[in-house]
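Structure, as structure tokens:
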Amino acid sequence: MSQQLDVVIDQGANFVQTWQIDNKNLATGYTFLAKFRPQHASTTTVLTINTFTAVHNGQHTNLSCNVASATTAGLTAPSQGVYDIEYTQTSNGAVTRAFEGSYYVTPEATK
């Protein structure tokens, strides 16, 4: 079962976010992918993140991303939608959804 977490992305700023995946050690042997869309049924992808840092911390894995300000500057704001993060076990291709939620892009005034 995936965890629910809503996120805020500030347009024109680095988007730095950490998610904690409970009771899993996913630091090695897994790849991660996040897709942000206007709505679940949409074929439009607003943002794709495929570069994550996974660190095993106690009984959990901390999954972090850092999306450059140049990328977030290109996002439409204000806007909102949905996202999820899946991880794939490289040894057998099994895919699991770790997180899902809503995202909000706040507009920048300083350009």
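The values are calculated or read from the model by the stated rules, or taken from the named source; none is laboratory data. None of these values were measured; they are calculated from a predicted model. No Cβ is skipped: glycine too gets one built from the backbone with ideal geometry, and neighbour counts run over all protein chains shown. Each accessible area value is taken on the protein alone, full model and side chains, heavy atoms only, with ligands, DNA and RNA left out. Shrake-Rupley method; radii C 1.70, N 1.55, O 1.52, S 1.80 Å.
Some points to look at:
- Long-range amide H partners of Asn14 with built H, under 5 Å: Ser69
- Segment 1-108: relative contact order in percent, alpha carbon pairs under 8 Å with at least 6 residues between: 40 percent
- Carbon/sulfur fraction of accessible area - segment 1-82, other protein chains in place, 1.4 Å, %: 47 percent
- Summed side-chain charge close to Thr18 - residues other than Thr18 whose Cβ falls under 15 Å, Lys, Arg +1, Asp, Glu -1: -1
- Summing Cβ point charges (Lys, Arg +1; Asp, Glu -1) relative to the Cα centre of segment 2-111 gives a dipole of roughly 160 debye.
- Per residue, the chain exposes 58 Å² of solvent-accessible protein surface, assessed with a 1.4 angstrom probe and all protein chains in place.
- Other-chain or far-sequence residues with amide H under 5 Å of Ala98's (modelled H): Ile85, Glu86, Tyr87
- The modelled label-to-label distance for the pair Asn14/Ala109, using points 7 Å beyond Cα in the direction of Cβ, is 2.4 nm.
- In the chain, the DSSP-assigned H stretches of four residues or longer account for a calculated mean residue ellipticity at 222 nm of -1000 deg cm²/dmol, using -39500 (n - 2.57) per stretch and the full residue count as denominator.
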